[in-house]
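Each value in this text was obtained by applying a stated rule to the coordinates, not by laboratory testing. The model shown is predicted, which means the values in this text are computed figures rather than measured ones. Cβ atoms come from the backbone with ideal geometry, glycine included; neighbour counts cover every protein chain shown.
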Amino acid sequence: MILEKQAPIAIFDSGVGGLSVLIEVIKILPYEKIIYLADKKRHPFGTRSKNEIEKITDEIINFLISKNAKLIVIACNTASTVKLDDLKAKYNVPIIGMIEPEVVSQYINKFKGNSVGLIGTSATINSKAYDDIIKKLNTDIKLYSKDCSKLVPLVETGKIESDSFKEALNNCLSPLLSDGITNLIIGCTHFSFIIERIKDL
């Protein structure tokens, strides 16, 4: 059995989005062994049903535990919509997701005004995971959500300079800008790679 100190930290996503999380983990913990799993076969997660997402998440966590992971980071907002409390109770290994109250509260503390936009996949938006946490943290915030699933495969395949990407990004953000949002939550790790393009709009 691998000693806990030598055991790896495991990070997973459906594709390249979680690499943004991997980069930050390496900065903080440069000497840790890390397993990164990109489930390209079942990418994207964001357009799948709740039951499918739960099944995929369970399968990946079990696989990573079999690799002696001492900590599992769900570097995918969609997979993080699976009830984390249930996952943490089910498995004897620490699990961290992208939609934790502590994470969302960091956004809220930096907000200017109470009009907030949220962009994510259809599964993330429909789960109301962000809505539920934000209501508990600040009832004054009005959340405007937009399904931007079409951006995910374009980011995954590196087509962020294409006309189809520019059109999809504009279609994603224009309604939120029309709603007068003053803050934006990036609810998908894939979108971490297009923040500068989002700012340009």
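Rank Gly158, Thr124, Ile194 by how far each Cα sits towards the positive end of the charge dipole of region 116-198 (+1 on Lys, Arg Cβ; -1 on Asp, Glu Cβ) and give me just the farthest.
Thr124
As a quick test, which of the pairs Lys142/Lys166; Lys146/Lys166; Lys55/Lys136 have an alpha carbon distance above 23 angstrom in this structure?
Values: Lys142/Lys166 27 Å; Lys146/Lys166 16 Å; Lys55/Lys136 28 Å.
Table pairs above 23 Å Cα-Cα are Lys142/Lys166; Lys55/Lys136.
Using θ = phi - 60° and the Karplus curve 6.51 cos²θ - 1.76 cosθ + 1.60, what whole-Hz ³J(HN,Hα) does each residue of region 14-21 get, with Gly and Pro shown as x?
7, x, 7, x, x, 4, 5, 6
With a Cα-only, solvent-free Debye model of the chain, what are the log10 I(q)/I(0) values at q = 0.08, 0.10, 0.19 Å⁻¹?
-0.27, -0.42, -1.41
Cross-link list Lys41/Lys159; Lys90/Lys110; Lys27/Lys90; Lys135/Lys199: which exceed 22 angstrom alpha carbon to alpha carbon? Mind showing how you got there, number by number?
Values: Lys41/Lys159 19 Å; Lys90/Lys110 34 Å; Lys27/Lys90 30 Å; Lys135/Lys199 26 Å.
Pairs exceeding 22 Å: Lys90/Lys110; Lys27/Lys90; Lys135/Lys199.
Separation of region 150-201 and region 1-70 by C-alpha centroid, Å?
24 Å
Which length gain, in nm to one decimal place, applies between Val103 and Ser115 when the Cα-Cα distance is subtracted from 0.36 nm times their residue separation?
2.5 nm
Please figure out what share of the DSSP beta bridges in the chain is antiparallel and state it in percent, rounded to the nearest 5. Working shown, then result.
Values: 0 of 22 bridges.
Antiparallel bridges: around 0 percent, rounded to the nearest 5.
Tell me the Rg and the Dmax, in Å, that the Cα atoms of region 9-81 produce.
Every Cα atom of region 9-81 included, Rg and Dmax give 11.9, 37 Å.
Just grab the label-to-label distance for Glu24 and Lys50, each label 7 Å out from Cα along the Cβ direction, in nm (one decimal).
Between Glu24 and Lys50, the label points sit 2.7 nm apart.
Given +1 on the Cβ of Lys and Arg, -1 on the Cβ of Asp and Glu, and no further charges, what dipole in debye does the chain carry about its Cα centre, rounded to the nearest 20?
On the way: 26 positive and 24 negative charges, 37 e Å.
In total the dipole reaches around 180 debye.
Do the sum for the chain: with -39,500 (n - 2.57) for every DSSP H run of n ≥ 4, divided by all residues, what is the mean residue ellipticity at 222 nm, to the nearest 500 deg cm²/dmol?
Values: 9 runs with 87 residues, N = 201.
When only DSSP H runs of four or more count, the value is -12500 deg cm²/dmol.
Can you tell me the convex hull volume per residue for region 101-200, based on C-alpha atoms, in Å³ to the nearest whole number? Display every interim value, and only then the final one.
Details: hull volume 9.4 nm³, N = 100.
It comes to 94 Å³ per residue, whole-number rounded.
Are there cysteines in the chain with no second cysteine's Cβ under 4.7 Å away, and if so, which?
So, Cys76, Cys188.
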